[in-house]
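Chemist: The structure is given below, and queries will be raised subsequently.
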Amino acid sequence: MTAVPRLFALLAATLLLMMPLTMQNTLAASPEEFLVFVGSYTGGGESQGIYSFRFDPKTGKSRDLKVAAEVTNPSFLAIHPDGRHLYSVSEVDGEGGISAFEINAAEGTLKHLNATSTQGGSPCHLVVDKTGSFVLCANYGGGSVCTVPIREDGTVGEVACFVQHEGHSVTPGRQDSPHAHSINLDAANKFAFAADLGLDKVLIYAFDDRSGELTPNDPAAIDIAPGSGPRHFAFHPSGKYAYVINEILLTVTAMKYDAARGKLTEIQTIPTIPVAVKPEYSTAEVVAHPSGRFLYGSNRGHHTIAVFEIDEKTGTLERIQNEPTRGETPRNFNLDPTGRFLFAENQKSGTIVVFRINQDDGTLHATGDVLEVPRPVCIRMLAVE
């Protein structure tokens, strides 16, 4: 990416972060509809790859569900800041990959551009940095993270930086080795955070958006309680707090964030379910509401979305609801950018169930809108005119 587009992208992101949340929400509410992309698992032949549909935030209705692109196990997706390109993992054993696509917003389809290796097994999560220069990816099977450059035409190059995690934690069979499960960037595009289920750590890296280098920060990680299995990670819209959802113990750990140092400090750990953990239970995704007042987490086995109220003065949580997802194995889920709807993906049931969010207390209420998508895993939205 040339210097001018890079500077423009960073300036735009900075200006957005400086706006009050009310203004940000006004901007998010302006599009007439959203083009929604759904990643899936294709094993067994049920799913064909990435799906798309259109969603009207005024009516809460979906339409025009179709196959957007055929690709193997596109379990996680990320949309480029330019709104014209999309990237997916190919979550396969051995050496996995990242595929680049050009978005045809009018048709709701994706044109495959190229693919590249992640140099690790079972890549399961990725993000595009705020300048649009790199894809950052977590390899679950290999327990590693990497960065991949994005060229001017949207295609991906070969790995620019690869970091192998080392160590283990306390749960036999689950934590005998590293398992990087997600990677995220802070609002300043300065630090990257890799939740590693196998290590019970969120590793912290200084990120260079010109070279793609990931350098261990000081401090280099925050330790999560042994046996927790940290999985996915989300920042509070204020940037003052962060949350990691723990797969094995079904908890969420709330943390303060020191943006100048890239430092996380634990302030609370709270259960995601109101009952005892069973072997078939696990968590998946965590998402903060754009208002900063609520946090949501998915529970597989328990088949619910946990709703938490956030104390905006302290960042601590109070669980106020566990809403059934009307299906089995809710994996990733997402909120529409207006913050009025939540889309719960039931992987085993093959459904996406839409919930309306009560703006006063954050609770979820099913709208009756249900889409049938084979083995849905990840959902991403693009505002369109």
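Read-outs: derived from the displayed coordinates by stated rules, not from any lab. Everything quoted here is computed from the prediction, not taken from an experiment. Backbone-built Cβ (ideal geometry, glycine too); neighbour counts: all protein chains shown.
Chemist: As an exercise, use a Förster radius of 41 Å and the Cβ-Cβ distance of Asp223 and Asn358 to find the FRET efficiency, rounded to the nearest 0.05.
Modeler: So, using R0 = 41 Å, E works out to roughly 0.70.
Chemist: Sticking with this one: Quick one: what are the phi-derived ³J(HN,Hα) couplings along the range 75-90, Karplus 6.51/-1.76/1.60 with θ = phi - 60°, whole Hz, x for glycine and proline?
Modeler: For the range 75-90, the Karplus curve yields 6, 9, 10, 8, 9, 5, x, 6, x, 10, 9, 9, 10, 9, 7, 10 Hz.
Chemist: What's the Cα-based Rg to Rh of the chain, Rh via Kirkwood? Could the numbers behind the result be given before it?
Modeler: Values: Rg = 19.0 Å, Rh = 20.5 Å.
Rounded to two decimals, Rg/Rh equals 0.92.
Chemist: So, one more: Sequence-distant or interchain residues sharing an amide H contact under 5 Å with Val92, placed H: which?
Modeler: Gly97, Ser122
Chemist: Something else about it: What nm value, rounded to one decimal, do you get for the distance between Asp56 and Glu152 when each label is placed 7 Å out toward the C-beta?
Modeler: Calculated label separation equals 4.2 nm.
Chemist: Per-residue ellipticity at 222 nm for the chain, helices alone: DSSP H runs ≥ 4 residues times -39500 (n - 2.57), over residue total, nearest 500 deg cm²/dmol?
Modeler: Numbers: 2 runs with 25 residues, N = 385.
About -2000 deg cm²/dmol.
Chemist: Another one. Can you tell me which of Ala306, Ala242, Ala160 moves the most in a GNM of the chain? Springs connect C-alpha atoms under 10 Å apart.
Modeler: Residue with maximal mean-square fluctuation among Ala306, Ala242, Ala160: Ala160.
Chemist: If you plug each phi of the range 94-104 into the Karplus form 6.51 cos²θ - 1.76 cosθ + 1.60 with θ = phi - 60°, what whole-Hz ³J(HN,Hα) values come out, in order, with x for Gly and Pro?
Modeler: x, 9, x, x, 10, 10, 10, 9, 9, 8, 9
Chemist: Please list, in order along the range 210-222, the HN-Hα scalar couplings obtained from phi with the Karplus expression 6.51 cos²θ - 1.76 cosθ + 1.60 (θ = phi - 60°), rounded to whole Hz, x for Gly and Pro.
Modeler: 9, 9, x, 5, 10, 10, x, 7, 10, x, 8, 5, 10
Chemist: Let me ask something else. Hey, quick one: spin label on Ala260, modelled 7 Å out along Cα-Cβ, who in the range 202-244 has an amide N within reach, i.e. under 12 Å?
Modeler: none
Chemist: May I ask which of Lys130/Lys201; Lys240/Lys348; Lys58/Lys240; Lys130/Lys256; Lys190/Lys256 have a Cα-Cα span longer than 27 Å here? If you can, show how the numbers build up before the last one.
Modeler: Values: Lys130/Lys201 24 Å; Lys240/Lys348 36 Å; Lys58/Lys240 31 Å; Lys130/Lys256 22 Å; Lys190/Lys256 17 Å.
With Cα atoms farther than 27 Å apart: Lys240/Lys348; Lys58/Lys240.
Chemist: A further question follows. Spin-label point model (7 Å from Cα, Cβ direction): what's the Lys313 to Gln48 distance in nm?
Modeler: 5.5 nm
Chemist: With only Lys, Arg, Asp and Glu charged, each at its Cβ (+1 for the first two, -1 for the last two), find how big the charge dipole of the range 160-309 is about the Cα centre; round to the nearest 20 debye. Before the final figure, lay out each step's value.
Modeler: On the way: 12 positive and 16 negative charges, 74 e Å.
In debye, rounded to 20, the range 160-309 gives about 360.
Chemist: So how far apart, in nm, are the two label points at Arg63 and His168 if each is 7 Å from Cα heading toward Cβ?
Modeler: The answer from the label model is 5.6 nm.
Chemist: A further question on this structure: Give the long-range amide H neighbours of Asp186: residues separated by 5 or more places, or on another chain, with amide H under 5 Å away, using H modelled in the peptide plane at 1.01 Å from N.
Modeler: Amide H to amide H, under 5 Å and 5 or more residues apart or across chains, Asp186 pairs with Phe191.
Chemist: Among Ile50, Ala138, Ala276, whose Cα projects farthest towards the positive end of the dipole of the chain, with charges put on the beta-carbon of Lys, Arg (+1) and Asp, Glu (-1)?
Modeler: Ala276
Chemist: Suppose R0 equals 30 Å; then what is the FRET efficiency for Arg210 and Glu102 from their Cβ-Cβ distance, rounded to the nearest 0.05? Show your work: numbers first, answer last.
Modeler: On the way: r = 25 Å, r/R0 = 0.82.
That pair, Arg210 with Glu102, gives E of 0.75.
Chemist: Could you give the distance between the Cα centres of the range 218-241 and the range 291-349, to the whole Å?
Modeler: 18 Å
Chemist: Skipping prolines and chain starts, which residues have an amide H placed within reach, meaning under 5 Å, of the one on Ala160, given they are 5 or more residues away or on another chain?
Modeler: Under 5 Å from the amide H of Ala160: Thr147, Val148.
Chemist: Would you mind working out the magnitude of the charge dipole of the chain relative to its Cα centre, with +1 at each Lys and Arg C-beta and -1 at each Asp and Glu C-beta, to the nearest 20 Debye? The partial results should precede the final answer.
Modeler: Values: 31 positive and 44 negative charges, 98 e Å.
So the dipole magnitude of the chain works out to roughly 460 debye.
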